[in-house]
Amino acid sequence: MSEKPISPLRQRMLEDMSMRRFVPDTQREYIRAVKRLATFLGRSPDTATPEELRAFQLHLTETGVQPPTINATVTALRFFFKVTLDRPETTRHVVFVYEPRRLPRVLSPEEVLRLLEAAPGPKHKDGAQRHLRRWSASHGGGRAEGLRH
């Protein structure tokens, strides 16, 4: 079975990424992002204008693509236009999307107590309680509520 020939443009981008020691997964994602742009345009991606890149990003947003994927695509396109094509001005309208940070879930006192009670033996329970008291004291709390000495 013979492999599909690689276009000179794709070969150059792969070389640019290899020189910078991009891992294979990153290379695959960057190529995939440029391929999505080519599909959107219906022609070679190196012919894209700044306005078409803006329209592509708008298309990604409107079709429900999540912010991490959009941001990875922006990074790939910036690399493609800045490094491979030496046309950094083309990506001037392509922007990163705000990704809201999720707060970690905080356990309630009851959940902490259940967690401690589930410890396999007294040695583990005592150690966990000592650690929790120390943590509570260092974070502005006095005695850890609901814990026995």
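The values are calculated or read from the model by the stated rules, or taken from the named source; none is laboratory data. Keep in mind it's a predicted model, so treat the numbers as computed, not measured. Every residue, glycine as well, gets a Cβ built from its backbone with ideal geometry; the counts of neighbours run over all protein chains shown.
Things worth noting here:
- Of all residues in segment 122-130, none are modelled with pLDDT of 75 or more and hydrophobic (A, V, I, L, M, F, W, C).
- Any hit, segment 34-48, residues being touching a Lys or Arg at 6+ places or on another chain (Cβ under 9 Å), charged (D, E, K, R) and touching a residue at least 24 places away in the same chain (Cβ under 8 Å): yes
- Residue check for T63: free of Cβ contacts under 8 Å to residues at least 60 places away in the same chain, crowded, with 17+ Cβ neighbours inside 10 Å, on the phi < 0 side of the Ramachandran plot and of a type outside the set (A, V, I, L, M, F, W, C): no
- Residue that is modelled with the lowest pLDDT [pool: residues in segment 110-120 that are of a type outside the set (V, I, T) and outside any loop (DSSP other than H, G, I, E, B)]: L116
- Positions within segment 49-60 being assigned to a helix (DSSP H, G or I) and either touching a residue at least 12 places away in the same chain (Cβ under 8 Å) or surrounded by 13 or more Cβ atoms within 10 Å (Cβ to Cβ) (or both), in sequence order: P50, E51, E52, L53, R54, A55, F56, Q57, H59, L60
- All positions within segment 37-48 that are of a type in the set (S, T, Y) and either closer than 12 Å to V95 by Cα or part of a loop (DSSP other than H, G, I, E, B) (or both): S44
- Residue tally, condition outside any loop (DSSP other than H, G, I, E, B) and surrounded by 11 or more Cβ atoms within 10 Å (Cβ to Cβ), over segment 69-109: 20
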